[in-house]
C-alpha cells in the first residue's frame, strides 16, 4: 500500500542506510504568523527529505550548473526510487543516461512553452518528472 507524505517521512526516519543527522527539536517562536508579499519571488519550496535541485544559492535550478551536483542528485533519485530496473542499459553511469532523458524532456517543455505565449512560462517540475517516469515505464 502506498504511503502518504507523512507516513513516508516517518518511514524515512526508520531507515539506517540514509546518511543525515536527526533534526533538532524546534523552538517555538514567539511571533504572530503573517505573510508579506515579496517582489521578484516566484516560488517557495519546502522539502521533507531532500530535493533534486539545491536552492542554497537562492535560485531554483532544473539543471544545476555544477555537473557533480547534478549527477549526484540524479544518482540519489535513481537509487531512492529504484528507477534502475526501469532504465534501459546503456554504457556509462545511470545518472548520465537519466540526465540526458531529463534534459531532453526539459527542452521539449521549453519549446512547447515558448511558442504558447503564456504569462508564466516557467516549467512546473512535477510535469517534467511525470513525463520522465512515463518514459521509464514505456522502456
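Does residue 63 meet the test of being more than 25 Å from residue 12 (Cα to Cα), at pLDDT 70 or above, in contact with a helix residue (DSSP H, G or I) (Cβ under 7 Å, 6 or more places away or on another chain) and surrounded by fewer than 15 Cβ atoms within 10 Å (Cβ to Cβ)?
yes
Does any residue of the stretch 114-128 turn out to be loosely packed, with under 12 Cβ neighbours inside 10 Å, closer than 24 Å to residue 9 by Cα, in contact with a helix residue (DSSP H, G or I) (Cβ under 9 Å, 6 or more places away or on another chain) and modelled with pLDDT of 75 or more?
yes
The values are calculated or read from the model by the stated rules, or taken from the named source; none is laboratory data. Note that this is a predicted model, so its numbers are computed, not measured. No Cβ is skipped: glycine too gets one built from the backbone with ideal geometry, and neighbour counts run over all protein chains shown.
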